[in-house]
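The values are calculated or read from the model by the stated rules, or taken from the named source; none is laboratory data. Values in this document were obtained by computation on a predicted structure and should not be read as measured data. Note: ideal-geometry Cβ built from the backbone for every residue, glycine included; neighbour counts use all protein chains shown.
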């Protein structure tokens, strides 16, 4: 019988060989901060513009960061990230919009477990925060990665509350891409959907796993057929992501996002098409494939472009380009 240590070592070695990257930026022995504002409390410029808030929604404490002026612009993160993935571009967006960067239910510094991690259920929690608690209507919405799955469901279920929608680098499970095909598309899709297994292998070194994974799907990473890449984040940025994902309930919640693929496929197939104007941004070289999966459910894509020099982490790898596209699209 293989031991946990043996399996963990084997998985780590396989990921290193597959990703061909290093844990550059990792600080051995670093102790992650514990407070939700740990990454921003010493940033006076950021704190002049933004504030951290929480609100209770159906038994879940939802954390979000907000600031700016103008129409509401809501930002939803993917995995393994938090609201913090938007931080670099939030000041520019806040010059025109009131920005709301959310931690998805059960992730980041949002506390408590939602009733499900399928994207339709998470969209209802987001709606509970935005519409019921904050009274927002006429919102602009952007989602990245699995956060785009939540954003799509929000747009489909509450079309009268949306003005425009930006969908960032997320092939949509549904009529053009079934759950089984999705799982077979990449080792991590299959691995993360296994019940309990990823937690067993990763929990001893969550930060190390995240560091390797970030490089795997970065520009030039082996996920895109490249020779390998380093994580496009600093040590401090990785510390911030690891701070929350090291909590067992958040680690499990993150993997649970993948375990709902079958339900997500059914929900997206049954959803009403999203007809508000939509922007599609993808990793360089992946536009045609991703568009083929979202076009059947989003027929009003007014602009679609792959982001030059960017892998999956569009916002970190080419922030100026992404910011310009969002500002031009939302108006």
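Here is how the numbers come out for the structure above:
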| quantity | calculated |
| --- | --- |
| Selection within the range 260-282 - buried (at least 18 other Cβ atoms within 10 Å of the Cβ) and closer than 30 Å to residue 206 by Cα | 260, 261, 264, 265, 281, 282 |
| Filter pass, residue 251 being in contact with a helix residue (DSSP H, G or I) (Cβ under 7 Å, 6 or more places away or on another chain) and in contact (Cβ under 8 Å) with a residue 60 or more places away in the chain | no |
| Elements of type strands (runs of 3 or more DSSP E) in the range 8-109, at least 3 residues being at positive phi and modelled with pLDDT of 95 or more | none |
| The range 169-182: number of residues that are surrounded by fewer than 20 Cβ atoms within 10 Å (Cβ to Cβ) and part of a helix (DSSP H, G or I) | 3 |
| Meets criteria (in contact (Cβ under 8 Å) with a residue 40 or more places away in the chain, in a strand (DSSP E or B) and crowded, with 18+ Cβ neighbours inside 10 Å) for residue 166 | yes |
